[in-house]
1. Comparing ARG105, ARG246, ARG117, which has the greatest mean-square fluctuation in the GNM of the chain with Cα pairs linked when under 10 Å apart?
2. Grab the beta carbon distance between GLU113 and ARG54, set R0 = 30 Å, and tell me the FRET efficiency rounded to 0.05.
3. Please state the charge dipole magnitude for region 11-116, taken about the Cα centre, from unit charges on C-beta atoms (+1 on K and R, -1 on D and E), reported in debye and rounded to the nearest 20.
4. Check each of the chymotrypsin sites (Phe, Trp or Tyr not before Pro) in region 136-242 and keep only those in coil by DSSP with at most 12 other C-beta atoms within 10 angstrom; list them in order.
5. Restricting to the chain, compute how many DSSP beta bridges are antiparallel as a %, nearest 5.
6. ILE18 accessible area, nearest 10 Å², 1.4 Å probe?
7. Are any of the pairs LYS220/LYS294; LYS185/LYS220; LYS131/LYS294 more than 24 Å apart by Cα-Cα distance, and if so, which?
8. Might you tell me the accessible area per residue for the chain, computed with a 1.4 Å probe and given in Å²?
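The values are calculated or read from the model by the stated rules, or taken from the named source; none is laboratory data. All of these numbers come straight from a predicted model, not from anything done at the bench. Quick reminder, even Gly has a Cβ in these numbers, built from the backbone with ideal geometry, and neighbours come from all protein chains shown. The protein model used for the area step is the full one, side chains on, heavy atoms only, and it has no ligands, DNA or RNA in it. Shrake-Rupley method; radii C 1.70, N 1.55, O 1.52, S 1.80 Å.
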Amino acid sequence: MKHTQLAPEDEPIRDPQIVFASCTDAGFDLFRYVHEELVEVTELVSLTPEQGERNDVCSYYNHAEYAADQGISVYYPQTYGMDERDVDHFVTLNADLLLVHGWQRLIPGDVLESFTRGALGLHGSAFGLPKGRGRSPMNWSLIEDLDRFLLSVMHLDEGADSGDVVATNKFDINRHDNIQSLYHKLVMAGQQLFDEILDDVLAGTAEFEVQTAEPTYYPKRNPEDGAIHWEDATRTIYNLVRAVARPYPGAFTEHDGTQITIWDAQPFSSDLLLDEHPGTVVQVFRASQQFVVKTSDGTLLVTDWEAENWDPERGMVLESLTNEISDSPNRIDRPEHEDSLTR
């Protein structure tokens with residue numbers, strides 16, 4: 001079912017007042033593209049570096065210098081989730097359209113309703129909305145070893161990714177991707193979506209489709225969810241590593257109380273050294289400082305890692321840590337979990 005979003009009296013908006021909300025590097029790339037290629041952004045809503053640190057914003061990026069160079073005013077909300085003082089600002093601003101990407105909190109309804117054309121945001125999953133609402137859908141898509149992502153631009157409401165959809169763009173997830181490369185793809189797909197729909201939205205002629213299927217939700221991910229369980233399959237461990245690579249906290253293991261963060265790895269061989277116990281370091285390549293670890297069904301080559309006062313040695317046994325939200329048999333994430341959706 002579709003309906004058309006129109007302005008009062010169906011009149012097109014001339015010289016629209018556009019606000020963009022973002023505080024991450026991917027959000028910055030999309031913000032810059034919209035401003036330079038599509039429509040002038042009149043105000044940026046962002047966080048100061050101190051606010052970004054205080055709110056543990058992953059991949060925080062300071063937009064202030066670019067905004068100053070472009071003559072774009074910047075508004076820093078009182079809190080990341082915004083409060084009544086922020087509502088007053090937007091009501092007084094009386095702008096036409098809010099674009100949101102790289103903003104990890106739900107925006108209050110009173111703020112959204114202050115815009116003539118409402119607000120647009122991006123979200124998606126491998127199966128398309130309303131499947132995969134919630135947190136970290138691209139990280140989860142890598143963990144689940146999926147091969148595609150359907151990114152939608154939607155009208156924002158007070159719910160978690162529940163607004164009407166105006167357009168969707170698909171991109172592939174290949175075996176070489178990690179979370180950083182997926183963000184690059186998201187930026188390009190988001191640019192194409194805004195190219196496609198922004199004029200119609202501002203003209204009041206864009207058609208929005210209501211999400212009618214039964215929704216599913218991804219649960220929140222925390223840094224401890226990067227724990228590696230070496231008795232999992234090689235592919236499961238590899239998918240976890242690439243899903244939580246930089247700018248996320250990384251996958252990790254332990255040896256004698258020392259944490260080893262694994263930033264990059266690749267499946268190595270299912271034929272070599274099959275008798276070793278999972279977690280055993282079976283080979284160390286001194287020149288490159290790379291090493292091979294036994295898994296339940298083969299071996300994993302660790303190509304980029306970080307640890308304090310630790311070096312790999314052949315025969316070391318890395319600890320298998322509890323991780324109940326990987327692809328292990330004891331996985332606990334379920335579609336009905338809608339908790340931890342305050343972003």
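1. Evaluated over the chain, the most mobile residue of the options is ARG105.
2. 0.60
3. 140
4. Counting only loop positions with at most 12 other Cβ atoms within 10 Å, none of the chymotrypsin sites (Phe, Trp or Tyr not before Pro) in region 136-242 qualifies.
5. In the chain, approximately 70 percent of DSSP beta bridges are antiparallel ones.
6. Result for ILE18: roughly 0 Å² accessible.
7. LYS220/LYS294; LYS131/LYS294
8. Accessible surface, normalised per residue, equals 46 Å².
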